[in-house]
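So the structure is just underneath, and the comments pick up after that.
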Amino acid sequence: MELNDILQQLNEIFKDILDLDTLVLTPETTARDVEEWDSLSHIQIIVAAEKHFKIRLTAQEIQALENVGDMCKLVQKKSAQ
Amino acid sequence: MAQPKYKIALLGDSATQFIVKSLNLSLKDLTMDIDIFEADYNQIERQILDTTSELYQYAPDVLIVLQSSQKLLQKFYKQPLELRHLFADQEMAQMDRMLLALTSIPKLKIIWSNYTEINDGVFGNYGNKTNKSFIYQLRKINFEIMHRASTNQALFINDLSLLQNRFGMAQYFDERFYINANMTIGVEMTQHVARNIRDIIFAITGKFKKCLILDLDNTLWGGVIGDDGIENIQLGELGIGKVFVEIQAWAKALKDRGIILAVCSKNNEEIAKEPFDKHPDMVLQWSDIAVFVANWESKVDNIRHIQSILNIGFDSMVFVDDNPFERNQVRENIPEITVPELPEDPAEYLSFLQNCNLFETAALSENDQKRTEQYQTEAKRKELQKTFTNEDDFLQSLNMVSEVKSFDAFTIPRVAQLTQRSNQFNLRTVRYSEEDIRKIGESDRYLTFSFTLEDIYGDNGLISAIIIEKRAEVWFIDTWIMSCRVLKRGMENFVLQIIMEAAKTSGAKQLVGEYLPTAKNQLVQDHYSSLGFSPQDAFWILNTDDFVVRKNFIERK
């Protein structure tokens, strides 16, 4: 899967969970840039993304995520396995 | 008048934010607005044992305590080996200390959680054979918690163990979020845990199911009695007949617990009744069914008819029917009624219904078992009423007698239950526990009356309760409740007459009543004006000197 595709799909998941219709994510977006993206919604996003992409992240992978770009790469790597 | 918010405090030994979020959602259809106080996590003992803590300042209506087996296991391992067999005893001693401290919050209800069963793999199956194992001590704690709840009316159990059992540990517990976020309940599980807590809160606040309405064909037996005939319907140990036997046994157990059973079927009445009379594998008997309706009218009309006999809210009814068309029609026309969306395969009906947790309750009473009989006689009364053109003649023919008493040891449980369950004929909807009622009964400040009603058809039991607060020469009616089973019998007139007789004897000059509207008690909005009270500010006044006896046909026993 192309990184850009993953980004688009993640964007939809974020919009849905954070309830932000106009949210536009870039690979550089971090939790600091989006007020609604707190530790609670982060967990919901992970669970929703896992379901959507049919992958399962490890505790350490979840912890190491710094920005949306990391997340896209991780999804790409995991879904290729 | 704005109703005070229902205050919920939540204490957990792990992250509880998701539970709070889900609770807010699932408590939306509670009739009261809620407010939730969430302490920082891992503060259970501090908040409860320190009676100056935020918890006590907040003074909640209900306290939810969520404890996890993961934390319990850590605690267990910290115990010296030679003390581990006493672990449950120590935990229970601590719980007892906490329960004792909590008694200083008036009227508090406590929802305590039990522990999910986890295997630490140290003893294997042998853990069942040694009191030094974690699972042995955990199960002992769970049992002891039940034991506490069975003797403490303010204590309710959130059965997390059963929930994990149902969904499986893989779904209940997510190690990753336990490591990263200290969550001991998986993200997707929180809604189910919240739902379980919601069920308990609904029951505590008087919102629960009282009646189960059952279809017949393909619901209580397999096949269509009108087409297949009594020999060919599926009911019994063979094949799919087994599930229907079990559904009937389940319904019967509900009836024994006080749930009213009714039948609503599109059928020829004679044919529909045949299995009840003749089929050897029928578990449900005639005497189990309070109202039986089988005809070709729409189920919506028939359910309305059943409701008119039972006189309970649609929202306290459950309708079970295998036919999606009937289910939808009922749902669309009577939105308050609960209609479970049965799975397609009848083999799954029973487990599905059992897992819906439709019949949560907050109290049991001796009276529950007699209820079916009382409704059956009510159906007979309705038949008789049709033969009288004059209401008075009908009432007179009933030969009604009422026993009037102050609250005593025998009546306290039923009175408390009336204050808990009555929504419609309830002027101020103040809910009291048995303990509250006992105290009121003993206090000199209050005067109490309970009323029974008996007639030619049978005994309705205790059907009305009054609490008067004596304010010198003015008597304030704190509580006026009546069971809707005895509406339109002149009972209100009789009750007022009894109160007035007592008032005159003790020299009280005035009765003051109050009507506090809720979503459910419009029935009594004109109660005081129709009894001759006059409005004064937000209250209703009747001077003892102005009282004239109002017509009724009830004799005091």
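Which residue, of A:30, A:22, is over 22 Å from residue B:183 (Cα atoms) and in contact (Cβ under 8 Å) with a residue 24 or more places away in the chain? Full working, then the answer.
Values: A:22 fails: in contact (Cβ under 8 Å) with a residue 24 or more places away in the chain.
Exactly one residue qualifies, and that residue is A:30.
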How many residues does the range B:1-33 contain that are surrounded by 14 or more Cβ atoms within 10 Å (Cβ to Cβ) and among the acidic types (Asp, Glu)?
1
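Quick one: which residue in B:241, B:223, B:236 is touching a strand residue (DSSP E or B) at 6+ places or on another chain (Cβ under 6 Å), closer than 30 Å to residue B:371 by Cβ and assigned by TED's automatic domain parsing to the domain that holds residue B:348?
B:241
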Failed criterion for residue B:125 (all others in (1) touching a helix residue (DSSP H, G or I) at 6+ places or on another chain (Cβ under 9 Å); (2) farther than 25 Å from residue B:185 by Cα hold):
(1)
Within the range B:354-372, is there a residue that is part of a helix (DSSP H, G or I) and in contact with a Pro (Cβ under 6 Å, 6 or more places away or on another chain)?
no
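Is the range B:104-117 home to any residue that is without any contact (Cβ under 8 Å) to a residue 24 or more places away in the chain and either part of a loop (DSSP other than H, G, I, E, B) or touching a strand residue (DSSP E or B) at 6+ places or on another chain (Cβ under 7 Å) (or both)? I'd like the intermediate steps shown before the answer.
Of all residues in the range B:104-117, those without any contact (Cβ under 8 Å) to a residue 24 or more places away in the chain come to none.
Taking every residue of the range B:104-117 in turn, none turns out to be without any contact (Cβ under 8 Å) to a residue 24 or more places away in the chain and either part of a loop (DSSP other than H, G, I, E, B) or touching a strand residue (DSSP E or B) at 6+ places or on another chain (Cβ under 7 Å) (or both).
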Condition first: under 15 Å from residue B:210 (Cα atoms) and touching a strand residue (DSSP E or B) at 6+ places or on another chain (Cβ under 8 Å). Can you find one or more residues in the range B:262-276 that meet it?
yes
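Are any of the residues in the range B:161-172 on the phi > 0 side of the Ramachandran plot, more than 20 Å from the chain's Cα centre (by Cα) and within 14 Å of chain A (Cβ to nearest Cβ)?
Of the residues in the range B:161-172, the ones on the phi > 0 side of the Ramachandran plot are B:168.
Those still in the list that are more than 20 Å from the chain's Cα centre (by Cα) too: B:168.
In the following step, the residues that additionally are within 14 Å of chain A (Cβ to nearest Cβ) were identified as none.
No.
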Yes or no: the range A:22-45 includes at least one residue that is touching a Ser or Thr at 6+ places or on another chain (Cβ under 7 Å) and at pLDDT below 95.
no
Out of everything in the range A:23-77 that is assigned to a loop (DSSP other than H, G, I, E, B), among the aliphatic types (A, V, I, L, M) and surrounded by 14 or more Cβ atoms within 10 Å (Cβ to Cβ), what residue ends up being nearest to the other protein chains (Cβ to nearest Cβ)?
A:57
How many residues, within the range B:11-65, are among the polar types (S, T, N, Q) and within 14 Å of another protein chain (Cβ to nearest Cβ)?
5
Could you tell me which numbered condition residue B:250 fails, if it satisfies all but one of (1) aromatic (Phe, Trp, Tyr); (2) touching a residue at least 24 places away in the same chain (Cβ under 8 Å); (3) buried (at least 17 other Cβ atoms within 10 Å of the Cβ)?
(3)
Being closer than 18 Å to residue B:451 by Cβ and in a loop (DSSP other than H, G, I, E, B) is the filter here, so list the residues in the range B:548-557 that pass it.
B:549, B:550, B:551, B:552, B:553, B:557
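Scan the range B:492-549 residue by residue and report those that are closer than 24 Å to residue B:31 by Cα and touching a Lys or Arg at 6+ places or on another chain (Cβ under 8 Å). I'd like the intermediate steps shown before the answer.
From the range B:492-549, those closer than 24 Å to residue B:31 by Cα are B:513-527, B:538-539; that's our starting set.
Once the filter is applied, which keeps residues that are closer than 24 Å to residue B:31 by Cα and touching a Lys or Arg at 6+ places or on another chain (Cβ under 8 Å), the range B:492-549 yields B:514, B:515, B:516.
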Please go through the range B:408-459 and pick out each residue that is within 16 Å of residue B:485 (Cβ to Cβ) and of a type in the set (Lys, Arg).
B:414, B:421
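Can you find, within the range B:200-215, the residue that is nearest to the other protein chains (Cβ to nearest Cβ) among those that are assigned to a helix (DSSP H, G or I) and crowded, with 21+ Cβ neighbours inside 10 Å? Give the steps one after another, and end with the answer.
Of the residues in the range B:200-215, the ones assigned to a helix (DSSP H, G or I) are B:200-204.
Subsequent filtering for residues that are crowded, with 21+ Cβ neighbours inside 10 Å retains B:200-201, B:204.
On the way: B:200: 25, B:201: 23, B:204: 28 Å.
Here the answer is B:201.
Going residue by residue through the range B:233-246, is there one that turns out to be part of a loop (DSSP other than H, G, I, E, B), under 31 Å from the mean Cα position of the chain (by Cα) and closer than 30 Å to residue B:196 by Cβ?
Residues of the range B:233-246 part of a loop (DSSP other than H, G, I, E, B): B:233, B:235-240.
Retained after the next criterion (residues that are under 31 Å from the mean Cα position of the chain (by Cα)): none.
No - not one qualifying residue is present in the range B:233-246.
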Looking for something touching an Asp or Glu at 6+ places or on another chain (Cβ under 6 Å) and within 14 Å of another protein chain (Cβ to nearest Cβ) - is there at least one such residue anywhere in the range A:7-21?
yes
Scanning the range B:173-199 for residues that are in a helix (DSSP H, G or I) and over 15 Å from residue B:22 (Cα atoms), which turns out farthest from the other protein chains (Cβ to nearest Cβ)?
B:178
Restricting the first residue to the range B:12-38 and requiring it to be acidic (Asp, Glu), which pairs with a second residue that is surrounded by 16 or more Cβ atoms within 10 Å (Cβ to Cβ) and part of a helix (DSSP H, G or I) meet a Cβ separation below 8 Å and a spacing of at least six or different chains?
B:13/B:44; B:13/B:71; B:38/B:17; B:38/B:20
Strands (runs of 3 or more DSSP E) enclosed by the range B:396-510 - at least 2 residues per element that are charged (D, E, K, R)
B:446-455, B:458-471
Check residue B:291 against each of (1) free of Cβ contacts under 8 Å to residues at least 24 places away in the same chain; (2) in a strand (DSSP E or B); (3) of a type in the set (A, V, I, L, M, F, W, C) and name the one condition it does not meet.
(1)
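The values are calculated or read from the model by the stated rules, or taken from the named source; none is laboratory data. Nothing here was measured: the structure is a model prediction, and the numbers come from that model. Every residue, glycine as well, gets a Cβ built from its backbone with ideal geometry; the counts of neighbours run over all protein chains shown.
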